[in-house]
Amino acid sequence: MRAQEFNAAIEVTEEVVVIRLEGELDAHTAVTADDSLTQAAESASKQLLIDCTQLHYVSSTGLGVLLSTFHFCQSKGIRMVLFGMQPKIKNVLSILGMERIWHQTTTEAEAMQVGPASA
């Protein structure tokens, strides 16, 4: 995979939408990522799970895309959960205090356990 590649696959079920991110989330891929995350968030009714297991890099622009998605979800009463982050990404997000903003888990099963946002 070249440095500027990014892919996203969306899986929709009755209870949850899972978007699987792959590659790098940076200034070069932000528009594509934002479009994919917006589509996934608009498809969600209760919970949006973001699979980061194949996400290898997140720049400040990429963080902005994730925050924008979070704010959209929050405005619609949708719980957003990130899971499977690479240790370096998880560490940076922890330093920035992002785990206080959105839910982060290690596995998809744990993300499913978080459950939808409270009514």
Lys/Arg Cβ at +1, Asp/Glu Cβ at -1, dipole of the chain taken about the Cα centre: which of S36, G77, M98 is farthest positive-ward?
-> M98
For the chain, built as a Gaussian network whose Cα springs stay under 10 Å, the top-fluctuating residue of S59, S43, S75 = S75
Tell me, what HN-Hα J-couplings in whole Hz come from the Karplus equation 6.51 cos²θ - 1.76 cosθ + 1.60 at θ = phi - 60° for each residue of the range 40-57, using x for Gly and Pro?
-> 5, 5, 5, 7, 7, 10, 10, 8, 10, 9, 10, 7, 9, 4, 10, 8, 9, 7
Please state, as a whole number in µm²/s, the translational diffusion coefficient that the Stokes-Einstein equation yields for the chain at 25 °C and 0.890 mPa s, with Rh defined as the Kirkwood radius across alpha carbon pairs.
-> 176 µm²/s
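Readers should treat all values here as calculations from the given coordinates under stated rules, not as data from a laboratory. Since this is a predicted model, take the numbers as computed values, not measurements. Cβ atoms come from the backbone with ideal geometry, glycine included; neighbour counts cover every protein chain shown.
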